[in-house]
Structure formats: structure tokens, C-alpha cells
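One structure is given here, and the rest of the page talks about it.
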Amino acid sequence: MATYVAAARPVEHLVLVTPFDSIERVARDFYWMFPVSLLLKDKFASVARVEAITAPTTVIIAEHDQIISRVRTDALITHFPLRQVAVFVIAGAEHNNLQLFPDYATAVIGAFLSRT
């Protein structure tokens, strides 16, 4: 949803927490035996919106994320121009406890203080 808004409206800064290239690809990683592309109504294809995003972007990754694989996040990151994106990997964090790590707050706050 954040990539949709950032692609459609002017925003000063975009922060993506444990993002993915598309929910279809995330689902396919888990449910490879099902035709997920036929089952999903909305693909949430963030990667398709990157070209329209002009705001500086911070990506925060949980080092041990078992929900959104690093492959899906990296597939999204590679579509941003290098100078537009800053990536922070929160050591030891998982998908559902990321916000408990001090480095998470530091990355989010730092994103706004250093790039605005």
C-alpha cells in the first residue's frame, strides 16, 4: 500500500518495512503447488510501482524474517536507483518482533532526520 501511495502522490520520504516485490511471488514461495496467480485478486505488485516513486526510500529488513524472504525484498530493492534507496538490516530480528529492536527505531528515526 505504501508503494501505491508513493507512486500516486508526492511524498517526502518512503519507509518500507519488510517489503516484498509482489504478494503473488511471496505466496508462490510458500504455496508453490497451487496456482496462486489464479487465486489472488490483487497481486500487490510493489515492484511495478517503483519507477513512479521519486521520494528517497528507506528499506528496513528483519535479518531472520521467515514471512517475507530476503529474495523477495532484494527483488524489490534492485528496481530502485542506488542513490534513492537506503537499506537497513536489523540484526537478530524476525518479521513479528522487528519493532522490539532498538536498531529498528534508530533506522526509522534516522531515515526522517537525515533525508528530509
(message) Using only the heavy atoms of the protein chains and a 1.4 Å probe, how would His64, His13 rank by accessible area, largest first?
(response) His64, His13
(request) Could you calculate the contour length gain from Phe112 to Trp32, that is, 0.36 nm times the residue separation minus the distance between their Cα atoms, to one decimal place in nm? (result) 25.0 nm
(message) Tell me the carbon and sulfur percent of the accessible area for the chain, rounded to whole percent, probe radius 1.4 Å.
(response) 60 percent
(request) Quick one: order Thr3, Thr106, Thr54 from most to least accessible surface, probe 1.4 Å. (result) Thr54, Thr106, Thr3
(message) Limiting things to C-alpha atoms, what are the Rg and the maximum Cα-Cα separation (Dmax) for the chain, in angstroms?
(response) 14.4, 45
(message) Let me cross-check Val87: its accessible surface, 1.4 Å probe, with only protein heavy atoms counted, in Å² to the nearest 10?
(response) 60 Å²
(message) Sort Ser69, Ser46 by heavy-atom solvent-accessible area, probe 1.4 angstrom, most to least.
(response) Ser69, Ser46
(request) State to the nearest 20 debye the size of the charge dipole of the range 16-93 about its Cα centre, where the only charges are +1 on K and R beta carbons and -1 on D and E beta carbons. (result) 140 debye
(message) If you take every residue apart from Lys43 with its C-beta less than 9 Å away from the C-beta of Lys43, what net charge results, scoring Lys and Arg +1 and Asp and Glu -1?
(response) 0
(message) Tell me the Rg and the Dmax, in Å, that the Cα atoms of the range 1-62 produce.
(response) 13.1, 41
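The values are calculated or read from the model by the stated rules, or taken from the named source; none is laboratory data. All figures in this text were calculated on a predicted structure; none of them were measured in a lab. Every residue, glycine among them, receives a Cβ derived from its backbone with ideal geometry; neighbour counts consider all protein chains shown. We work out accessible area using only protein heavy atoms, side chains counted, and drop any ligands, DNA or RNA first. Shrake-Rupley method; radii C 1.70, N 1.55, O 1.52, S 1.80 Å.
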